[in-house]
Amino acid sequence: MNSLTLTVLGSGTCAPTKERSCAAYHLQIGSASVLMDVGFGTMRRLTESSVDYRQIDTVLISHLHPDHVSDLVPLIMALTYTPGFKREKPLHLLGPQGFKSFLFAMQSHYGKWLLDHKNFKKIITELEPDVSQSFDEWQVQPHAMDHTELSLGYRISAFDKVIAYTGDTAFSAKVLDLLDHADLALIECSFPDHHVIGKHLSPTLAGQIADKAQCRRVLLTHFYPVMEPEQAARICRTQFNGPVESAFDLMSVEI
Ligand SMILES: [Zn+2]
Ligand SMILES: [Zn+2]
């Protein structure tokens, strides 16, 4: 089936609330099951969603902040040791430069099962900005984002559709390239205007970016508790004429 479905598993941040878990998004791309970011709480949200964690093929990590990567080890552990389940297909793990040494450091503490278990292979790829990777049904192009030194945003193409995910970022010209004419722009909106802390976006910036990049549709996400999501969408709409929604955990969107 040539369909592209996004399920939001975590629309929150490192300051999670009962309603909003840390950053995590699931994409069903035809028969491919893909996770973008796996912040802490992702495994719990997966059990609350219709996504079967045992079927996940690929994990994309935007950057190595714990609210984006902490449930990767629990995911691999569950794929390795769920009773009655024998994983055989490989797991593709893609992330920014430094991702391999991060995983090897984890393995040195947790043990060889993490990356070298006999049941199934882990295929680890460190991505370079602007160098695409192709899978059977889809393609991903990473873009350098302005957050940590090595942060990436992901532009995913499949079945003539594009979904672009900023991960965490401040405003930069590169965000415009990432989101250019995207069918769905998944844009971080961490803080209210005039109260942005660190390298993040606000509702006005998100709207200006979506307008300049001529996005078709916007889904705001990555809300700190101080950011009121409906207000964020309202402010974003003052800058961008297309549809704007605020993400909530466990929502699904067809693209
Ligand atoms: Zn974050
Ligand atoms: Zn971050």
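Since every read-out is calculated from the coordinates, none of them should be taken as a lab result. Values in this document were obtained by computation on a predicted structure and should not be read as measured data. For neighbour counting, all protein chains shown are included, and Cβ atoms are generated from backbone atoms with ideal geometry for every residue, glycine included.
From helices alone, the chain scores -6500 deg cm²/dmol at 222 nm; the rule is -39500 (n - 2.57) for each run of n ≥ 4 DSSP H residues, then divide by the residue total. Computed over Cα pairs, the Kirkwood radius of segment 75-174 leads via Stokes-Einstein (0.692 mPa s, 37 °C) to a diffusion coefficient of 214 µm² per second. Taking a Cβ cut-off of under 12 Å around Lys112, the surrounding Lys, Arg, Asp and Glu residues balance to a net charge of +1, with basic ones at +1 and acidic ones at -1. Straight-line cross-link reach from Lys118 at under 24 Å between alpha-carbon atoms covers these lysines, not counting any fewer than eight positions away in the same chain: Lys86, Lys89, Lys100. Roughly how many Å is it from the Cα centre of segment 66-98 to that of segment 101-167, as a whole number? Here the answer is 12 Å between Cα centres.
By the beta-carbon count within 10 Å of each Cβ, the least crowded to most crowded order of Val140, Val175, Val253, fewest first, is Val253, Val140, Val175. Spatially, segment 1-58 and segment 199-225 are offset by 20 Å when compared through their Cα centroids.
Here the residues Met227, Met77, ranked from fewest to most Cβ neighbours within 10 Å of their Cβ, fall in the order Met77, Met227.
If you take all other residues with their beta carbon under 11 Å from the beta carbon of Tyr165, and give Lys and Arg +1 and Asp and Glu -1, the sum is -2.
Under the simplified labelling scheme, the Met77-Asn119 pair shows an inter-label distance of 1.4 nm, with each label point 7 Å from Cα along Cα→Cβ.
Sorted from longest to shortest, the spans of the Cα atoms of segment 155-255 along the three principal axes equal 38, 30, 23 Å.
Counting every C-alpha pair in segment 1-150, the share spaced more than 20 angstrom apart comes to 48%. Projecting label points 7 angstrom from Cα along Cα→Cβ for Arg216 and Ile197 puts them 3.7 nm apart. The mean sequence separation of alpha-carbon pairs under 8 Å and at least six residues apart, normalised by the residue count of segment 4-247, gives a relative contact order of 14 percent. Beta bridges per DSSP, both residues in the chain: antiparallel share near 55 percent. The ranking of Leu201, Leu250, Leu184, Leu103 by Cβ neighbour count inside 10 Å, starting from the fewest, reads Leu250, Leu103, Leu184, Leu201. The Rg/Rh ratio for the chain, using Cα coordinates for both the radius of gyration and the Kirkwood hydrodynamic radius, is 0.95.
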